[in-house]
1. Quick check on this structure: which one of LEU85, LEU21 is exposed (fewer than 13 other Cβ atoms within 10 Å of the Cβ) and touching a strand residue (DSSP E or B) at 6+ places or on another chain (Cβ under 8 Å)?
2. Does GLU66 satisfy the criteria of being among the charged types (D, E, K, R) and at pLDDT 90 or above?
3. In segment 38-45, is there at least one residue being buried (at least 16 other Cβ atoms within 10 Å of the Cβ) and modelled with pLDDT of 85 or more?
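The values are calculated or read from the model by the stated rules, or taken from the named source; none is laboratory data. Predicted, not measured: the structure shown is a model, and the values here were computed from it. Here the Cβ positions follow ideal geometry from the backbone for every residue, glycine too, while neighbour counts run over all protein chains shown.
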Amino acid sequence: MTRVSLSEAIAYALLMLCAFLLSAYDDGRPAVTVARLYPQLKELGVDAEPHVFSQGGHGFGMRPGELAGARWPVRAHDMVKDIGLL
């Protein structure tokens, strides 16, 4: 996986219509990145929505499960619908 710096992520954000930010707290640093990236995206006018679940570990939502994070596709669909892209 290629790492992208926060400043590079902000540059990419200029091309974004929206951003659905998703992480599990027990996956380590990604939750911190979501918390830092969200306000910067909003400042740039990107429709962004952060979701940090307390449990899930790495790759949550990509496999069947009962944790709340397993239902992230429904939340992503709702966000895209709410901002008028669907």
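1. Numbers: LEU21 fails: exposed (fewer than 13 other Cβ atoms within 10 Å of the Cβ).
Answer to the check: LEU85.
2. On the way: among the charged types (D, E, K, R): yes; at pLDDT 90 or above: no.
So GLU66 does not fit the description; no.
3. Let us first name the residues in segment 38-45 that are buried (at least 16 other Cβ atoms within 10 Å of the Cβ), namely 38, 41.
Restricting the remaining residues to those that are modelled with pLDDT of 85 or more gives 38, 41.
Yes; the residues of segment 38-45 include at least one that is buried (at least 16 other Cβ atoms within 10 Å of the Cβ) and modelled with pLDDT of 85 or more.
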